[in-house]
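The values are calculated or read from the model by the stated rules, or taken from the named source; none is laboratory data. Computed from a predicted structure; not experimentally measured. Neighbour counts are summed over all protein chains in view; Cβ atoms, including those assigned to glycine, are modelled from backbone coordinates with ideal geometry.
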């Protein structure tokens, strides 16, 4: 992220103007790398978020709420001791540094006025929060750094606080890589002189409707594929960007846990399938057992007990060639024949049983593969909720029954409107696919599905008439996008009337049979109309 020195200059100026004179009422540390200061000033209350986590370091005013731990961390207790009641006298930025210094007027244990500084270092992986007393000595740091961790700069209580060492000349221009590339693209000097005359505006870069990056000027290098959206302030920009980033990461975390569960169930099913296929292969010689029993029975009068084999004419084969039949010398000829018949019956029964189990294993593996595709294309919390409910109903997740827990309203299918004005419904899960196809859709509506691929059931509402070809193609594009072929250039999509779609008894959710289809080569598209 381009939280570079120039961005910090603008952010520091905004925060200094907004917060100078404010009093720190409360200090919270909801997470190990996040501190929230509750402030009170002439304009009312405010909350300042300071995050020093790798990949999410920032300092901005926030409207978000946080759940605090029952027991505050030691660093939080230290900040409360020194900062609560202190007044912000200014916020400055050391020249060219990716950090801000919050200057404070506080009181010591004796009620004497003292100066303190909260150093907010937003240095990527080395981001930190350091409290410094009026003599410039470190009271403590969120992340202590000793000699072994950094021979160049230690951050320990009692040491003199020193700014981070300057990089070698020429290695850092105070601009992020994004901004340097933009300067080069525009034909401007790729250093801070290239910014002269350019208006600095809080800007978020949006790609496919999702935040991609943020900076302080419109970015032209990506062309029309990335939109530059301006914000009223630097804090507002950071708040909006990281709110979406945190939401996306939370969504990915939930999707990851469900994906892990589905992958584990699929692996177990595939292992069972492999084992049962081996067991099935062991039944292939069952007819040989029956034949040996028949040969022994037909030649009992010629056989003696106590031999380990016998050579007999095989009347099942042309010309009756001789064949050697193994025997158990401890058994009589009749007992050997009975043993072969018993083994034949056992293998025959096992084959029938294994055939059914193998079919069930294959069906389960196919079903779980379809759920994995649903998880890959899940884009919202609602998508994950319907998939989770599907796994609960399928028995893969135990439903949590909490007292007084409010039941969430089921998520609705995705809805689109074609350029011809016809409604298109897209299932979010296999359960919803069945609901759409067999309960919501009319028999004369058009049903679409990616050919031989896992994906959503798509319903084109035809209103009892014949849909126009443009609407059919647009619905096919949605069926292509919401399938496991969604990243391909073109996908074969089958389309047929709902009345030709059937569900076999006992079939898994989303699994159907259909006839009378036609195939459309469609380009995967997320939006239509």
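Within the range 192-216, if we keep just the residues that are surrounded by 14 or more Cβ atoms within 10 Å (Cβ to Cβ) and out of contact with any strand residue (DSSP E or B) (no Cβ under 8 Å at 6 or more places or on another chain), the residue that is nearest to residue 5 (Cα to Cα) turns out to be 192. Could you list all residues from the range 35-46 that are modelled with pLDDT of 95 or more and surrounded by fewer than 19 Cβ atoms within 10 Å (Cβ to Cβ)? Residue satisfying the conditions is 38 alone.
If I filter the range 36-52 for residues that are closer than 21 Å to residue 97 by Cβ and out of contact with any strand residue (DSSP E or B) (no Cβ under 8 Å at 6 or more places or on another chain), do I get at least one hit? Within the range 36-52, not a single residue is closer than 21 Å to residue 97 by Cβ and out of contact with any strand residue (DSSP E or B) (no Cβ under 8 Å at 6 or more places or on another chain).
Residues in the range 324-352 that are surrounded by 17 or more Cβ atoms within 10 Å (Cβ to Cβ) and in contact with a strand residue (DSSP E or B) (Cβ under 6 Å, 6 or more places away or on another chain): 325, 327. Of the listed requirements (1) within 33 Å of the chain's Cα centre (by Cα); (2) at positive phi, residue 29 misses just one: (2).
This table checks each residue for (1) in contact with a helix residue (DSSP H, G or I) (Cβ under 9 Å, 6 or more places away or on another chain); (2) modelled with pLDDT of 90 or more; (3) under 26 Å from residue 499 (Cα atoms).
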{"residue": "363", "(1), (2), (3)": "no, no, yes"}
{"residue": "402", "(1), (2), (3)": "no, no, no"}
{"residue": "411", "(1), (2), (3)": "yes, no, yes"}
{"residue": "421", "(1), (2), (3)": "yes, yes, yes"}
{"residue": "439", "(1), (2), (3)": "no, yes, yes"}
{"residue": "446", "(1), (2), (3)": "yes, yes, yes"}
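Of the strands (runs of 3 or more DSSP E) contained entirely in the range 426-529, those carrying at least 2 residues that are surrounded by 24 or more Cβ atoms within 10 Å (Cβ to Cβ), outside the structural domain of residue 369 (by TED's automatic domain parsing) and under 31 Å from the mean Cα position of the chain (by Cα) fall at 446-450, 458-460, 491-497. Examine the range 270-288 for a residue that is in a helix (DSSP H, G or I), outside the structural domain of residue 61 (by TED's automatic domain parsing), touching a helix residue (DSSP H, G or I) at 6+ places or on another chain (Cβ under 7 Å) and within 25 Å of residue 385 (Cβ to Cβ), and state whether such a residue exists. No - not one qualifying residue is present in the range 270-288.
Looking only at residues in the range 164-221 that are closer than 24 Å to residue 13 by Cβ, more than 36 Å from the chain's Cα centre (by Cα) and not in a loop (DSSP other than H, G, I, E, B), which one is modelled with the lowest pLDDT? Out of the qualifying residues, it is 192.
Here is a list: 63, 71. Which entry is closer than 17 Å to residue 242 by Cβ and out of contact with any helix residue (DSSP H, G or I) (no Cβ under 6 Å at 6 or more places or on another chain)?
Numbers: 71 fails: closer than 17 Å to residue 242 by Cβ.
Being closer than 17 Å to residue 242 by Cβ and out of contact with any helix residue (DSSP H, G or I) (no Cβ under 6 Å at 6 or more places or on another chain) holds for just one of 63, 71, which is 63.
Screening 143, 153 for residues that are part of a loop (DSSP other than H, G, I, E, B), more than 34 Å from the chain's Cα centre (by Cα) and surrounded by 13 or more Cβ atoms within 10 Å (Cβ to Cβ) leaves exactly one candidate, 153.
Can you give me the ranges of the strands (runs of 3 or more DSSP E) entirely in the range 1-96 with at least 1 residues that are free of Cβ contacts under 8 Å to residues at least 40 places away in the same chain?
Details: elements: 23-31, 34-41, 44-51, 58-61, 87-92.
Fully inside the range 1-96 and qualifying: 23-31, 34-41, 44-51.
Total residues in the range 94-105 satisfying the condition of being surrounded by 19 or more Cβ atoms within 10 Å (Cβ to Cβ) and in contact with a strand residue (DSSP E or B) (Cβ under 7 Å, 6 or more places away or on another chain): the figure is 5.
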